[in-house]
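Working notes, beginning with the structure itself.
A short reminder: the numbers here are calculations on the coordinates, not readings from a lab. Just so we're clear, the structure is a prediction, and the values are computed from it rather than from any experiment. Heads up, the Cβs are rebuilt from the backbone with ideal geometry, glycines too, and the neighbour counts pull from every protein chain shown.
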């Protein structure tokens with residue numbers, strides 16, 4: 001089987017390394033040989049994988065960086081929408097799902113000559129529906145919100161590829177986040193950034209602007225060997241959560257819907273069910289064996305409400321106790337010890353701006369008309385430029401920089417931002433910059449090395 005593993009742009013190399021590690025797991029080796037494609041020279045937003053059907057289950061369960069695991073169904077040249085119709089109708093969809101299941105079709109394109117991608121999507125949907133009606137006598141219903149089955153098509157200038165999505169809800173939805181709008185930092189991007197740092201699970205990690213705790217929770221789950229798909233796979237016993245921690249949305253959308261492959265016929269054979277049970281059993285034992293692994297992961301945030309949300313997310317992520325987080329202004333943070341470590345942060349510039357003495361609970365969207373100095377949302381096609389910023393925030397960054405230089409000597413700092421002017425605002429020279437995409441927003445991961453003072 002040929003799969004395409006989708007990831008945020010810029011994380012292809014990190015994803016390839018992670019896929020190699022998953023393929024080397026003993027229980028995954030028993031499923032059959034898996035081959036990872038070479039890392040592409042340019043950003044492709046994913047990596048190709050050849051392997052048995054069951055490897056899709058392993059990747060869905062274990063990949064922290066992947067967004068989706070797509071199974072290639074067919075590909076071929078096209079010139080018109082009718083070509084797409086014929087290609088889609090040639091696929092034996094009846095072997096994969098029934099007419100009683102709901103369907104959603106999505107399409108992405110790069111340099112496609114077609115005038116209307118919406119019409120192209122409609123033609124692919126019509127082909128699938130017509131095929132199932134001819135084969136079974138009934139047609140599936142369309143559900144764009146919570147479909148049983150998702151089909152993904154991708155068009156280049158002259159080639160069309162049609163995939164079946166084995167993930168369902170995108171994999172960055174782990175099932176522990178409070179679902180109240182888009183998060184500034186997606187979970188799989190946070191995991192990918194951690195993979196780009198030298199941080200090891202037995203080392204110190206600190207986020208001075210932790211917000212809802214994305215970096216902290218991803219790192220803690222890595223250290224404790226909790227698979228990112230653990231909640232979807234229902235690897236945990238029901239947990240007694242406080243009223244403030246319980247949420248219907250995250251549980252219904254992720255835990256109850258699980259993975260997309262559970263609703264596809266070939267994954268429901270006795271063999272594949274046995275393979276899935278084996279993968280889950282190994283993970284449960286691994287979670288139990290690392291449950292008391294000591295971790296040195298901590299964070300802070302100026303916003304008390306964000307600290308509360310972080311603690312609730314930590315509990316929903318089935319992590320032990322409460323996170324080591326506290327409410328403190330980033331310009332006053334100090335390391336807990338002098339052993340050095342890795343700092344990761346996603347400065348809240350343009351996403352949520354809490355300046356000491358200001359309205360700390362206010363959430364400012366990008367491009368807020370009342371905040372003309374705020375950074376406007378860019379697409380991947382627009383250039384990254386140095387943006388003018390609020391003078392108060394510039395002063396904050398200057399103070400934060402001084403605090404880093406005074407107290408974090410020997411640390412490596414990794415900051416994700418969409419503002420190319422961040423090093424200048426911090427008055428620090430980056431030692432490395434890595435292009436990354438947070439959804440459609442082009443960003444840079446800046447690395448700063450803080451020298452120890454004599």
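Figures for the structure shown
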item: Sorted peptide list for 73-79, 184-190, criterion being average Cβ within 10 angstrom, highest first; result: 184-190, 73-79
item: Three-way shape call for the range 75-177 based on the alpha-carbon gyration tensor, with the a/c threshold at 1.5; result: oblate
item: Residues 344, 282, 39, 6, sorted so that the one with the fewest Cβ neighbours within 10 Å comes first; result: 39, 282, 6, 344
item: For 419, 126, order by how many other beta-carbon atoms lie within 10 Å, fewest first; result: 126, 419
item: Viscosity 0.890 mPa s, 25 °C: Kirkwood-radius Stokes-Einstein D of the chain over Cα pairs, µm²/s; result: 105
item: Helix 391-407 vs. the chain, principal-axis angle (Cα, 0 to 90°, nearest 10); result: 80
item: Cα long-axis angle, helix 12-24 against the chain (0 to 90 degrees, to the nearest 10); result: 70
item: Alpha-carbon centroids, the range 61-116 and the range 435-454: separation in whole Å; result: 36
item: Principal semi-axes in Å for the range 4-60 [√(5λ), Cα gyration tensor, largest first]; result: 21, 10, 9
item: The range 2-165 - Rg (one decimal) and Dmax (whole number), Cα, Å; result: 16.5, 49
item: Taking the range 2-165 and dividing mean pair separation by its residue count, relative contact order in percent (alpha carbons under 8 Å, at least six apart); result: 25
item: Span per principal axis, largest first, for the Cα atoms of the range 91-241 (Å); result: 59, 41, 26
item: The chain: relative contact order in percent, alpha carbon pairs under 8 Å with at least 6 residues between; result: 14
item: Degrees between helix 187-196 axis and first principal axis of the chain (Cα, 0 to 90, nearest 10); result: 60
